[in-house]
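Read the figures in this text as sums done on the coordinates, not as results from a lab. Just so it is clear, the model here is predicted, and its values are computed rather than measured. Methodologically, a virtual Cβ is constructed for each residue, glycine included, from the backbone with ideal geometry; neighbour enumeration extends over all protein chains shown.
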Amino acid sequence: MRVVLNAVGKGRREHALPVTSTAYESGTATLVVAETEQRPTVLGLIASGRMRPDTGRVELDGEVDAAPSASRQRRRAAQSVWAGDAGRIRRRVALVDAPEVSEPEPNVTLAGVVAEELMFAGRASHPIAVQNWLADNGLAAAASLPVSNVDPADRVRALCELAVLRKGVEGFVLVSPDRHGGQPEAWWQIVQEFAARGFAVLVIAGQASARVATLPLVERAKRDETSQAALENEPTVGRGVSSRSFLARSTSGGRRRSGRPRIRRLTARTRGGRA
């Protein structure tokens, strides 16, 4: 699955959402920046097939799922197309933790949130089932906490795991995880794990969190540079053989030892129902 947002905007003069382009697909975690209180939720609604853009278009697997009406005469037809086609995205993409739309009530316990979401997913939602789910996901200690007091990374993991329980969900849009505090690296690692499981993930966050999407690449480049410099500066024994290589060969009967490579679970809901 691949969803493309091509120059989408919302509101008069795009005040609700400036023109934005991004894409997300199965097996990949993508971060897009949206600032201010309202814009991340608007973008999340459009990206998950729950709101029609006023400008631009949304494509699903290369086909246009949503486009704005060009005139009053065509408005009804365009709205009809939107209602039918956008449902394809909505059925396959969950909207997670969007403020005022799919975020859980702050005073509800985590166990209460889990019970409700298990019910929406068609799973057993009695207390024992809830306890088992929490234990399986390493969240038993937070069961009685109001969801607003749950550790930010645990909150993200719980809501995302609950989102993908629903039938047909192939991905999710996570809105403003950085508003809860904590380290961006923590929730970014979590969404990458979901991407590794084959889900399409779009995270909408502020500019201050954008660095986490490129940080691994920067760190890798620095590490490669450091390793290369170390090799260049390493003393040699004999002709073109580093001391490390020489010792390795000496202790392995003339054969160089090869280093062993290091081997290095939401669904969204609206208040009072599904999102």
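Couple of notes before you dig in:
- Pair Glu105, Ala141: separation of 7 Å Cα→Cβ label points (nm): 2.8 nm
- Packing-based order for 100-109, 134-143, using average beta carbon neighbours within 10 Å, highest first: 100-109, 134-143
- FRET efficiency for the Ala23 to Arg179 pair, using the beta carbon distance and R₀ = 30 Å, is estimated at 0.80.
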